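Here the structure is laid out as structure tokens; the discussion comes afterwards.
The values are calculated or read from the model by the stated rules, or taken from the named source; none is laboratory data. This one's a predicted model, so the numbers in the text were calculated from it and none came from an experiment. Counting neighbours? That spans all protein chains shown, and the Cβs are built from the backbone with ideal geometry, glycine included. Just the protein is used for accessible areas: all its heavy atoms, side chains included, with ligands, DNA and RNA removed. Shrake-Rupley method; radii C 1.70, N 1.55, O 1.52, S 1.80 Å.
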Amino acid sequence: MTAVEATNGTAASVEVPAATSTPPADPVATSKPEGDEEEDDDNDETPAAGTDKKKKKKKPKSKKKKAVVQSEPPTVPVSQFYKDGNYPVGEIQEYLNDNAFRTTSEEMRAKEREYLLDDTPGAFNYNSIRRAAEVHRQVRTYARKTIKPGMTMTEIAEMIENGTRTLVEENGMLSGIGFPTGLSRNHVAAHYTPNAGDTSVLGASDVLKVDFGIHVHGRIVDSAFTMNWEPTYDNLLLAVKDATNTGIREAGIDVRMGDIGAAIQETMESYEVEVNGKVLPVKSIKNLTGHSINPYIIHGGKSVPICSQPEDKEEYNTKMEEGEYFAIETFGSTGNGWVRDEGACSHYAKNYDAPRIPLSMASSKKLLNTINKQFGTLPFCRRYLDRIGESSYLYALKDLVDKDIVQAYPPLADIEGSQTAQYEHTILLRPTCKEVVSRGDDY
């Protein structure tokens, strides 16, 4: 899910090889998916010469375990693939420059081993984020080959969300959807999901951003990709994917946000798109950013810019720190490279530091109680309220937004007629290495 810069304005996924040279050995042994087991060979001895041949005793053959295979649409929880509870490690990347020592530092390895001693399920156990990431990979594998022009946006959203709920074994605040499924099209860059009654249909010339999140024990995986069905904007997608990978490569402990943003923009704006014989530059959308992620809080307080920043700006000198989780996401546009609010709002989230303000309306009190119980500080949308039986809540929701208890996230759009694209991954800054937990074979 996207942060806006503060202005006025089929089957289980396997571990992806490291993108750099040989990575540090991971201290956690990763479980393999359940599958066939080999049978034991018979060890019967050959009778000695001249002796009576005795009939061999056949050993009972071990039964093969039936391989677990994901269904279509996906309905098999990922826990059935990894029954020992150890989920696939993401892509491992070594730290660069001054932090390269961490790869082989015994002190850093000891620190990481200490972190991993706690087997308690929770937000700070790596398996929580890895389980969420495996759900994301399996759900998006089906989504990427199923989404086609002619489908309604509601059909697409519900397909992704139903798969997520089933594969993560939705369980109240312990596991479930991390934020509403973003399905922004064309010049709309972020924060659109259909409200009830929306009959919008995906068109063959649309450029679709698919942005969805999954949480386990509040640890949110935030990852996004872009789809198109005709080649005009292929270079736009390549530019944004390359820019996101640049941001991931440059990210690390003690790295300044301004340096990451400058590297992303340089990569992004090295691309062009030809539309109807006219060459258009690809621009970084300046007022959209990546962000840190805290338990149950999708926007954790730090922004990762996707363009260069003035060196005297506070954001430029903010640094990433050990143990932090970040969504590295970039947006490219053929328009102005600047977004503004457009259209009906669908995304909302309770502010984690919401003020304690007396509510005079009974409907506002009731809705706030529902939000606290069902979502806490996780983002939600109007369809989610409809799904749990809330009705006639729009006035109460507006009241909570007006009182700054709930934050509204309206759709964000560049100029009409332009096209925008998005790619995003969640990374974990471990003591010894950088783990791209949401990486898959697809992107």
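So here's what we get for this one:
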read-out: Long pairs among 111/350; 111/241; 319/434; 286/313, criterion Cα-Cα beyond 23 Å; value: 111/350; 111/241
read-out: Per residue accessible area of the chain, 1.4 Å probe, in Å²; value: 47
read-out: Inter-centroid distance (Cα atoms) of segment 384-442 relative to segment 177-253, Å; value: 11
read-out: Stokes-Einstein translational diffusion, segment 257-399 - Kirkwood Rh over all Cα pairs, 1.002 mPa s, 20 °C, in µm²/s; value: 118
read-out: Interchain or long-range residues, amide H under 5 Å from residue 280's placed H; value: 273, 274, 275
read-out: Relative contact order %, segment 335-385, counting alpha carbon pairs below 8 Å whose residues are six or more apart; value: 57
read-out: Helical mean residue ellipticity (222 nm; -39500 (n - 2.57) per DSSP H run of 4+; nearest 500) of the chain; value: -7500 deg cm²/dmol
read-out: Mean Cβ neighbour count within 10 Å, used as a protection proxy, ranking 321-328, 423-430, 309-316 highest first; value: 423-430, 321-328, 309-316
read-out: Label-point gap, in nm, between residue 366 and residue 276 - each point 7 angstrom along Cα→Cβ; value: 5.2
read-out: Cβ charges +1 (Lys, Arg) and -1 (Asp, Glu), total dipole of the chain, debye; value: 1660
read-out: Rounded accessible area of residue 107 (nearest 10 Å², 1.4 Å probe); value: 130
read-out: Cα-centre dipole for segment 350-407 with unit charges at Cβ (Lys and Arg positive, Asp and Glu negative), debye to 20; value: 160
read-out: Pairwise FRET efficiency - residue 356 versus residue 71, Cβ, R0 = 51 Å, nearest 0.05; value: 0.60
read-out: Length released on extending from residue 97 to residue 342, taking residue separation times 0.36 nm less the Cα-Cα span; value: 84.0 nm
read-out: Accessible surface of the chain, 1.4 Å probe, proportion on carbon and sulfur as whole %; value: 49
read-out: Cα-derived Rg over Rh, computed across segment 346-443 with Rh taken as Kirkwood radius; value: 1.11
read-out: Efficiency of FRET from Cβ geometry, residue 311 and residue 84, R₀ 56 Å, rounded to 0.05; value: 0.70
read-out: Kirkwood-type radius of segment 215-294, with distances r between different C-alpha atoms, in Å; value: 14.4
read-out: Peptides ranked, highest mean first, by Cβ atoms within 10 Å: ranges 231-238, 412-419; value: 412-419, 231-238
